[in-house]
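The values are calculated or read from the model by the stated rules, or taken from the named source; none is laboratory data. Everything numeric in this text was worked out from a predicted model, so none of it was measured. Please note: Cβ atoms are built from the backbone with ideal geometry, for glycine as well, and neighbour counts cover all protein chains shown. Accessible surface areas use protein heavy atoms only, side chains included; no ligands, DNA or RNA. Shrake-Rupley method; radii C 1.70, N 1.55, O 1.52, S 1.80 Å.
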Amino acid sequence: MEENKSGEGTDVEAAVSAHAEVAERKEAEKTSETAGQGIIMGEPSTKKLVVCAAGIFICYFYYGVLQEKITKGEYGEGEKQEKFHFTLCLVMVQCIINAAYAKIAMSFFPKERDSTNKGLYAACAFTYLGAMLASNHALQHVTYPTQVLGKSIKPIPVMILGVLFAAKRYPLAKYLCVLLIVMGVGLFMYKEKRSSPQPEDHHILGTGEVLLLVSLTLDGLTGASQDRMRSQYKTGANNMMFFVNLCSVIYLSIGVVITGELFEFVAFANRYPYVLFNMISFSLASAVGQMFIFITVTTFGPLTCSIVTTTRKFFTILGSVIIFQNPMSGRQWLGTSLVFVGLGLDSVYGKEKKKGR
């Protein structure tokens, strides 16, 4: 699952948005047979849209603030100052709460028959988890705005993998939007030569940028697995979210014990108990944000949700610059603007061509 996501909320956001689109299509098919139209989760209204948009903005803004506070914050004082490096534990808490959220949702919504191969869940969880870990670990090497912008270009690997392995066709407008996004990212990432060269200046991509590329690639593979589950097994949104996160928790439980991170984290949490509150709040903000995304997609459609979440990411970057004083040059603001213009145009004009029936 973010906006995967499923993912910053981008991993989980994208995942839940994709799941919600499936629910919307399935419900629309059912209701069109009986009433000629399918409205889900109540009638759409301006007031409801404002509430949903505000919910997405607040939840994921808080999510972003906490993510940066947890991963880039300083713990302790003076020589005893420490850094948070427990990425496995952080993601495990998030997956536990995501799985709990999905289980609760399964009890509120009509039960979905699930014949999905459990091996496919396990494979999807592997790439989903890898994307989340790489994205979170990247924050130890890059600024939060860089991470958010990097994760915003998720449509590119998804499109490339779709063309190469699924023989998908896209309209010319989508390629132009992707070109605009690539130009924006290039402007943002370009490293100007300094008067006193630093060792890292010799590398076009640093550790953080490489981790973001790994995360994006795994996002693309996760999307391919989810597409297969939806097309071959008609997997329901909540079942997918529950079992993928459950498999992720199993992987992480093994990982934190083998690496010894669990024991180090327990000692760290004893020294700084407030980190547990931040981690749980971080995960709950993601889960509540998922609920608002699901309602937005099923009530107002994927396009409206895409516009809301894209706008939200821009203001998350702005908030990070103001709150955590992550400076951005005029060139980087121009690059950021190009990326979000490209994403906005793509959500309107870059839809995949449907095969004729």
In the structure displayed, which of K48/K174; K118/K168; K154/K174; K111/K234 lie more than 23 Å apart, Cα to Cα?
-> K48/K174; K118/K168
Kindly report the accessible area of the range 235-309 per residue (heavy atoms of protein chains, probe 1.4 Å, no ligands, DNA or RNA), in Å².
-> 38 Å²
In order through the range 171-188: 3J(HN,Hα) via Karplus (6.51 cos²θ - 1.76 cosθ + 1.60), integer Hz, x for Gly, Pro | x, 4, 4, 5, 5, 5, 5, 5, 4, 4, 5, 4, 4, x, 5, x, 5, 5
Of M291, M92, M132, which has the most accessible area with a 1.4 Å probe, and how do the rest follow in descending order?
-> M291, M92, M132
Per residue accessible area in Å² of the range 110-157, where ligands, DNA and RNA are left out and the probe is 1.4 Å | 37 Å²
Using only protein heavy atoms and a 1.4 Å probe, report how much of M183 is accessible, in Å² to the nearest 10.
-> 100 Å²
Once phi is turned into θ = phi - 60°, what whole-Hz ³J(HN,Hα) does the Karplus curve with 6.51, -1.76 and 1.60 give for every residue of the range 234-250, x standing for Gly and Pro?
-> 6, 4, x, 4, 5, 4, 4, 5, 5, 6, 5, 6, 5, 4, 5, 5, 4
Please state the charge dipole magnitude for the range 205-313, taken about the Cα centre, from unit charges on C-beta atoms (+1 on K and R, -1 on D and E), reported in debye and rounded to the nearest 20.
-> 340 debye
Under the rule rounded for a/c under 1.5, else prolate if a/b exceeds b/c, else oblate, using alpha carbon gyration tensor axes a ≥ b ≥ c, the range 217-357 is classed as oblate
Part-to-part distance (alpha-carbon centres) for the range 267-343 and the range 73-133, which is given in Å | 17 Å
In nm, give the distance between the simple-model label positions of W333 and L176, each being 7 Å from the Cα along the Cα-to-Cβ direction.
-> 2.8 nm
With a 1.4 Å probe and all protein chains in place, put E112, E68 in order of accessible area, largest first.
-> E112, E68
If ligands, DNA and RNA are left out, what is the accessible area of Y349 with a 1.4 Å probe, given in Å² to the nearest 10?
-> 140 Å²
Residue-wise HN-Hα coupling along the range 295-300, computed from phi with Karplus coefficients 6.51, -1.76, 1.60 (Hz; x: Gly, Pro) = 5, 5, 5, 6, 9, 10
How would C247, C89 line up by accessible area, probe 1.4 Å, largest first?
-> C247, C89
